[in-house]
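Data block below; observations after.
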Amino acid sequence: MSVPSEIAKHLVSLKLELNSKTALFPLKHGLTFLKWRYILTDTGKIVCLMEKKKIRRARSHFKKLSKAESNGTVEPGKTVQCLVAWISSAKYGNTETIIKNMNQYVGGIQNGIQ
């Protein structure tokens, strides 16, 4: 008996059914939920990675915020404050390298390197 048919049979007992768009795939391919990518490794460990789109958006946000801070439209220190908040959010997953790179990026923006 195949896995999808077993799932369908269980859902019938719960008075539910799968629709035609339902796709079943192995967890080792990973799944995305709330802008986080969850991947099941061969050892059974779940790795939580930040989506690339979320990282790009944060970089853009810090660049705009730093520019506004240098123009005087935003209070001084706001970029660092937002970076600290972003880092605390990013620590949820396996993001040590991403956090280090973002710190360097924001430091470069503030020093006028990038």
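The residue list G93, G44, G107 contains one member that is surrounded by 11 or more Cβ atoms within 10 Å (Cβ to Cβ), small (G, A, S) and not in a helix (DSSP H, G or I), which is G93. For the stretch 15-33, a tally of residues being modelled with pLDDT under 90, part of a loop (DSSP other than H, G, I, E, B) and not polar (S, T, N, Q) returns 9. Within the stretch 90-111, being free of Cβ contacts under 8 Å to residues at least 12 places away in the same chain and either in contact with a strand residue (DSSP E or B) (Cβ under 9 Å, 6 or more places away or on another chain) or basic (K, R) (or both) holds for K91, K100. Would you mind stating whether K63 is without any contact (Cβ under 8 Å) to a residue 24 or more places away in the chain, basic (K, R) and surrounded by 12 or more Cβ atoms within 10 Å (Cβ to Cβ)? No; evaluated as a whole, the condition is false for this residue. On inspection, T79 does not qualify as touching a strand residue (DSSP E or B) at 6+ places or on another chain (Cβ under 9 Å) and at pLDDT below 90.
The values are calculated or read from the model by the stated rules, or taken from the named source; none is laboratory data. Not measured: the values here are computed from a predicted model. Cβ sites come from the backbone with ideal geometry, for glycine too, and all protein chains shown count toward neighbours.
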